[in-house]
Amino acid sequence: MTFYSFARSVAYGIFKPWYRIEALGVENIPKDGGVLLCCNHINNFDPIVLGIMAPRPVHYMAKEELFRVPVLGEIVRKCNAFPVKRGMSDREALRKGLGILKDGHVLGLFPEGTRSKTGELGKGLAGAGFFALKTNSAVVPCAIIGPYKSLRKLRVVYGKPIAMDEARNTKASAEQVTELIMSEIHKLIKEHQ
């Protein structure tokens with residue numbers, strides 16, 4: 001058993017009953033091939049919740065500062081996360097993300113770039129559109145809905161993969177594609193609140 005599998009099992013046993021997590025649309029995540037999983041960001045626990053409810057292992061970008069914390073940095077790394085410098089273009093993190101997708105894995109992204117203080121969906125950064133345009137990966141919108149309160153239901157909703165052919169063929173910009181992804185996340189939130 002890998003460390004990721006072990007950590008996922010432990011986290012699942014704690015988080016799923018504590019937050020009464022329900023996953024909807026799991027069948028929308030392709031069983032193989034690269035998947036860009038784009039989700040809203042309402043809580044520090046979002047990467048854990050997304051990771052334990054997804055049917056495939058998820059890789060994440062995480063803020064560089066986490067990797068400098070003794071012990072925690074190594075745990076985060078072993079849980080399929082890699083560092084990203086926030087507030088600037090981090091070419092190494094972009095290359096790493098592209099490699100994950102091109103190797104047929106799942107890359108989980110929070111396009112807002114940071115947690116929403118209000119719970120409302122914020123503006124997405126161009127990174128999500130960049131990854132969507134640079135690979136042929138399936139782009140799956142996702143929404144975490146509900147309060148992070150003990151024994152209150154929390155939902156993780158996976159939408160159908162976004163049709164990307166037109167955007168890729170018409171040379172849409174990364175910003176335009178990110179807007180498309182964010183609008184699909186917004187629809188999921190409205191449908192399932």
(message) If I go through region 131-167 residue by residue, how many of them are among the hydroxyl-bearing types (Ser, Thr, Tyr) and either within 20 Å of Val106 (Cα to Cα) or buried (at least 23 other Cβ atoms within 10 Å of the Cβ) (or both)?
(response) 3
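Tell me, which residue of region 82-96 that is aliphatic (A, V, I, L, M) and either open to solvent by 40 Å² or more (accessible area, probe 1.4 Å) or modelled with pLDDT of 95 or more (or both) is nearest to Thr114 (Cα to Cα)?
Taking region 82-96 and keeping what is aliphatic (A, V, I, L, M), we get 84, 88, 93-94.
Applying the additional criterion that residues be either open to solvent by 40 Å² or more (accessible area, probe 1.4 Å) or modelled with pLDDT of 95 or more (or both) yields 88, 94.
Working: Met88: 14, Leu94: 17 Å.
Among them, the one singled out is Met88.
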(message) I'd like to verify a number: residues in region 27-70 that are β-branched (Val, Ile, Thr) and modelled with pLDDT under 95, how many?
(response) 1
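The rows are residues; the columns are (1) open to solvent by less than 40 Å² (accessible area, probe 1.4 Å); (2) among the β-branched types (Val, Ile, Thr); (3) without any contact (Cβ under 8 Å) to a residue 60 or more places away in the chain; (4) in contact with a strand residue (DSSP E or B) (Cβ under 8 Å, 6 or more places away or on another chain).
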site: Asn44; (1), (2), (3), (4): no, no, no, no
site: Val49; (1), (2), (3), (4): yes, yes, no, yes
site: Met61; (1), (2), (3), (4): no, no, yes, yes
site: Glu64; (1), (2), (3), (4): no, no, yes, yes
site: Pro70; (1), (2), (3), (4): no, no, yes, no
site: Glu74; (1), (2), (3), (4): no, no, yes, no
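If a residue has to be of a type in the set (Asp, Glu) and within 15 Å of Leu151 (Cα to Cα) to count, how many in region 12-28 make the cut? Break it down stepwise before answering.
Of the residues in region 12-28, the ones of a type in the set (Asp, Glu) are 22, 27.
Filter once more, keeping what is within 15 Å of Leu151 (Cα to Cα): 22.
Looking only at that region, the number is 1.
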(message) Being open to solvent by 10 Å² or more (accessible area, probe 1.4 Å) and in a loop (DSSP other than H, G, I, E, B): is that true of Gly99 here?
(response) no
(request) Taking only region 20-41 into account, find how many residues are farther than 20 Å from Gly99 by Cα and either acidic (Asp, Glu) or assigned to a loop (DSSP other than H, G, I, E, B) (or both). (result) 6
(request) Test each condition in (1) touching a residue at least 12 places away in the same chain (Cβ under 8 Å); (2) under 17 Å from the mean Cα position of the chain (by Cα) for Arg20 and report the one that comes out false. (result) (2)
(message) Filter region 181-193 down to the residues that are within 18 Å of Leu37 (Cα to Cα) and open to solvent by 60 Å² or more (accessible area, probe 1.4 Å) and list them by number.
(response) His186, Lys187
(message) Just to confirm my filter: which helices (runs of 4 or more DSSP H) fall fully inside region 102-193 and include at least 3 residues that are in contact (Cβ under 8 Å) with a residue 12 or more places away in the chain and under 21 Å from Glu27 (Cβ atoms)?
(response) 174-192
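The values are calculated or read from the model by the stated rules, or taken from the named source; none is laboratory data. Note that the structure is predicted; figures quoted are calculated from it, not measured. We place every Cβ from the backbone using ideal geometry, glycine too, and count neighbours over all the protein chains shown. With ligands, DNA and RNA removed, areas are computed over all heavy atoms of the protein, side chains included. Shrake-Rupley method; radii C 1.70, N 1.55, O 1.52, S 1.80 Å.
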